[in-house]
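Structure in structure tokens, see below.
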Amino acid sequence: MRLVDRQAAQGWSALLSQAPENLDRAWIAITTDPRGRDDLARQHRLKFDLRAVKIDGVELEQWQYEVTGGGRIWYAIDEDRRIVWITQAGTGHPRQTDKRRR
């Protein structure tokens, strides 16, 4: 697992401070089965224009894991390089998902 930028790293640190046990469960779920379907309320692919992100010029699936009621991790799955990229992390609910996006 890698962090895509400094903002993602800061969000990860904030989650670690606020909810270390939940973050540990999230890390296990994401690294074990990034496309997990066991708990769709917590782990699912993002929709609309958030469903994919480009990293190093490659379009990758983008998923979300709900760490706490508001805390989220967004991540992209790079199967070819066997990397899960953390694209966004934070303790507050991401505003990008508040409106239906097309």
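The values are calculated or read from the model by the stated rules, or taken from the named source; none is laboratory data. What you see is a predicted model, and the numbers here were worked out from it, not measured in a lab. A quick note on method: Cβ atoms are made from the backbone with ideal geometry, for glycine too, and the neighbour counts reach across all protein chains shown. Protein only, heavy atoms only, side chains kept; ligands, DNA and RNA dropped before computing areas. Shrake-Rupley method; radii C 1.70, N 1.55, O 1.52, S 1.80 Å.
Note down the relative contact order for the chain as a percent, whole number, built from C-alpha pairs under 8 angstrom at least six residues apart. Before the final figure, lay out each step's value.
Details: 170 pairs, mean separation 32.1, N = 102.
It comes to 32 percent, rounded to a whole number.
Turning to a different aspect of this structure: What is the local net charge at Ala26, summed over the other residues whose Cβ is closer than 11 Å to its Cβ (Lys, Arg +1; Asp, Glu -1)? Each step should come with its number before you reach the end.
Values: positive: Arg25, Arg42, Arg72; negative: Glu21, Asp24, Asp39, Glu66.
Cβ neighbours under 11 Å give a net charge of -1.
Quick one: net charge of Arg45's neighbours, Cβ under 11 Å, K/R +1, D/E -1?
That sum, taken over residues with Cβ under 11 Å, equals +3.
I've got another one for you. Please calculate how many Å² of accessible area region 1-90 carries per residue, with a 1.4 Å probe and no DNA, RNA or ligand atoms counted.
I get 59 Å² per residue for this part.
In whole percent, how big is the carbon plus sulfur part of the accessible area of the chain, probe 1.4 Å, protein atoms only? Write out the running numbers ahead of the final one.
Numbers: 2870 of 6490 Å².
Reported share for carbon and sulfur atoms: 44 percent.
Run lengths n ≥ 4 of DSSP H only: what is the helix-derived mean residue ellipticity at 222 nm for the chain, with -39500 (n - 2.57) per run over all residues, to the nearest 500?
Helices in the chain give a 222 nm mean residue ellipticity of -8000 deg cm²/dmol.
Could you tell me what fraction of 2.2 N^0.38 Å the Cα radius of gyration of the chain comes to, as a two-decimal ratio?
Taking N as the residue count of the chain, the ratio is 0.98.
Taking springs between alpha-carbon atoms closer than 10 angstrom, which of Arg82, Arg25, Arg37 fluctuates most in the Gaussian network model of the chain?
Evaluated over the chain, the most mobile residue of the options is Arg82.
Counting Lys and Arg as +1 and Asp and Glu as -1, what is the net charge of the other residues whose Cβ lies under 12 Å from the Cβ of Arg2?
Cβ neighbours under 12 Å give a net charge of -1.
How many percent of DSSP beta bridges within the chain run antiparallel, rounded to 5?
The antiparallel proportion sits near 90 percent.
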